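Worksheet: the structure to be examined is printed underneath.
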Amino acid sequence: MRTHILTSAAAVILAASAVGPAISATEVLVYTAIEADQLKAYEAALEAAHPDVDVRFVRDSTGIVTAKLLAEKANPRADVVMGLAATSLMLLEKEGMLMPYAPVGLEAVKPTMRDPANPPAWVGMDVWASAVCFNTVEAEKRELKVPTSWADLTDPAYQGQITMPNPASSGTGYLMVSAWLQLFGEEKGWAFMDALDKNVASYTHSGSKPCRQAGAGEYVVGLSFEYRANKTKKDGAPIDIVLPSEGLGWDMEATAVMATTKHPEAAKKVADWAVTPEANKLYAQSYAIVALPGIAEKLEYMPGDVEAMLIKTDFAWAAENRERILAEWTKRYDGKSEPK
C-alpha cells in the first residue's frame, strides 16, 4: 500500500514537471457598480480570457463606489474601475486619478461611447437608461391608470405609491435627476421634483430596488432602469414597463485603469477585455445599447426603442455640477430616504 502511494505521488510530481510550473496569477482589485446578478458571468469570462489575472471585485452602488474612490484618493486601493458611471469617472479624471489608456480594439468602439481624449481616460461598456416599473395588479386595486410621462407621476392619485433611488447613492437616481434638470431647465426641474416628492413614499439606495418593490406589490410605481425592469418582468412580476414620453435619462457604464495601480500590465488586460466582442455580448444580454456596433438586440419586454428615447445629455455638465445638485436634492428630499 505504501509503495502504491509513493508511486502515485511520484507520478503526480512527474506529471506536474512535464507540463511546467503553474501560472502565477496577478491579483487585480476592481471596484465596480455592475449589478450583482451579472457579476459572476463577467468574472468567469474575464478570468477565462486572462488566466494570469486574478480579478477581485468590490461591488456597491454607483454613488457609494464613487465616494469610496474619492475618499481613498490619497491612498487608492483599486487597480481598475469597471462598470461605473461615465459621469463618475469624469470626476476621477478631473482629480488626476485615472491612467489614460487605449485598450486593444478601441478603434471598434462607438465614438460616442468613449472619452474623446487620445488616449482616453475611460471607455464605455453599455448604456443604462431610466424606466418605470408599474404594478398592474396593485394599480387595478387602487384604480390607478398607467402613467405615460414623467409629468403624470405628479398626479396626487399616486400619493405614497412611488419609490425611487436616492441620487447620492445610486447612479440610476442621479441620471434621473440630472435628466430632469436638463430636460425642463433647473427652475422647472426642481419644481417637478417638488411635486414628485409629494407622491414618493421612499428613496432607496439602489437603482434596482424600486423596480423590485413595484414587482412585489409594495408600491405601484418604481422608478428604475431598463435592465432591472426587463428582468423583473421576465421573472414573472405583474408589471408594465413605461418609457416616459418626454425622454429617458441615461449614463454609460465604463472602464478605466487607476493611475496608481501597482499592476499596470494586468490592469490593462482587464481594460482590453472590456472592449472585446465577447464582453459586449455579455453586456447585450442586459442592455439595449452596447459599445460595439452590431451586437445589441432589443430587450424582449421593452415597449419601445430605448436608443431613440435617450435625451441629449451633457455628461460634462452632469459631472461638474454633481456635488451642487446632490447637496440641493439632499436638502429638499433626503428625509424620505431609507436608512443606510
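Which of the listed residues, 58, 105, 238, is farthest toward the dipole's positive end in the chain, when Lys, Arg count +1 and Asp, Glu count -1 at the beta-carbon?
58
Can you find, among 128, 76, 146, the residue sitting farthest towards the positive end of the charge dipole of the chain, where Lys and Arg contribute +1 and Asp and Glu -1 at Cβ?
The one lying farthest along the dipole's positive direction is 76.
Return one number: the angle in degrees, 0 to 90 and rounded to the nearest 10, between the long axis of the Cα atoms of helix 264-274 and the longest principal axis of the Cα atoms of the chain.
50 degrees
If you place +1 on the Cβ of every Lys and Arg and -1 on the Cβ of every Asp and Glu, how big does the dipole about the Cα centre of the chain come out, in debye to the nearest 20?
Details: 33 positive and 44 negative charges, 138 e Å.
For this selection, approximately 660 debye.
Please report the antiparallel percentage of DSSP beta bridges with both residues in the chain, rounded to the nearest 5.
60 percent
Between residue 281 and residue 298, 0.36 nm times their residue separation minus their Cα-Cα distance comes to what? Spell out each step's value before the answer.
Values: separation 17, 0.36 × 17 = 6.12 nm, distance 1.28 nm.
4.8 nm is the gain from fully extending residue 281 to residue 298.
So what is the calculated 222 nm ellipticity per residue for the chain, using -39500 (n - 2.57) for each DSSP H run with n of 4 or more, over all residues, to the nearest 500 deg cm²/dmol?
So the helix-based figure for the chain works out to -12500 deg cm²/dmol.
In terms of modelled amide H atoms, which long-range or inter-chain residues lie less than 5 Å from the amide H of residue 248?
Under 5 Å from the amide H of residue 248: 310, 311.
With bins 5 Å wide starting at 0, give me the P(r) of region 196-320 over every alpha carbon pair, in whole percents.
2, 9, 15, 17, 18, 17, 10, 7, 4, 1, 0
With springs connecting C-alpha atoms under 10 Å apart, model the chain as a Gaussian network and identify which of 32, 330, 163 has the largest mean-square fluctuation.
Fluctuation is largest for 330.
Quick one: pull the percent of accessible area on region 274-340 belonging to carbon and sulfur, 1.4 Å probe, ligands and nucleic acids left out. It would help to have the intermediate numbers written out before the result.
Numbers: 1890 of 3760 Å².
Accessible surface attributable to carbon and sulfur in region 274-340 totals 50 percent.
What are the ³J(HN,Hα) values, in whole Hz, obtained from phi via the Karplus relation 6.51 cos²θ - 1.76 cosθ + 1.60 with θ = phi - 60°, for each residue of region 276-292 in sequence order, with x given for Gly and Pro?
6, x, 4, 5, 5, 5, 5, 4, 5, 5, 10, 10, 7, 9, 10, 6, 9
Straight-line reach from residue 145: which lysines have a Cα under 19 Å away, not including same-chain ones fewer than 8 places off?
Filter leaves 198, 233.
With labels modelled as points extended 7 Å from the Cα through the Cβ direction, what inter-label distance (nm, one decimal) is found for residue 44 paired with residue 104?
2.4 nm
To the nearest 10 degrees, how steep is helix 186-197 against the longest Cα principal axis of the chain, on a 0 to 90 scale?
90 degrees
Reported to two decimal places, what Rg/Rh ratio describes region 34-111 when computed on Cα atoms with Rh from the Kirkwood expression?
That ratio equals 0.96.
For Cα pairs less than 8 Å apart in space and 6+ apart in sequence, what is the mean separation divided by the residue count of the chain, i.e. the relative contact order in percent?
Computed value for the chain: 24 percent relative contact order.
Roughly how many Å² is the accessible area per residue of the chain, as a whole number, for a 1.4 Å probe?
45 Å²
Any of 68/336; 209/231; 40/269; 68/94; 40/231; 209/340 with alpha carbons more than 21 Å apart? Name them for me.
In this structure, 68/336 exceed 21 Å between Cα atoms.
For region 193-233, max minus min Cα coordinate along each principal axis, in Å, sorted largest first?
Each principal axis gives a Cα extent; for region 193-233 these are 30, 17, 15 Å.
The values are calculated or read from the model by the stated rules, or taken from the named source; none is laboratory data. Just so it is clear, the model here is predicted, and its values are computed rather than measured. A quick note on method: Cβ atoms are made from the backbone with ideal geometry, for glycine too, and the neighbour counts reach across all protein chains shown. These area figures cover heavy atoms from the full protein model, side chains too; ligands, DNA and RNA do not enter into them. Shrake-Rupley method; radii C 1.70, N 1.55, O 1.52, S 1.80 Å.
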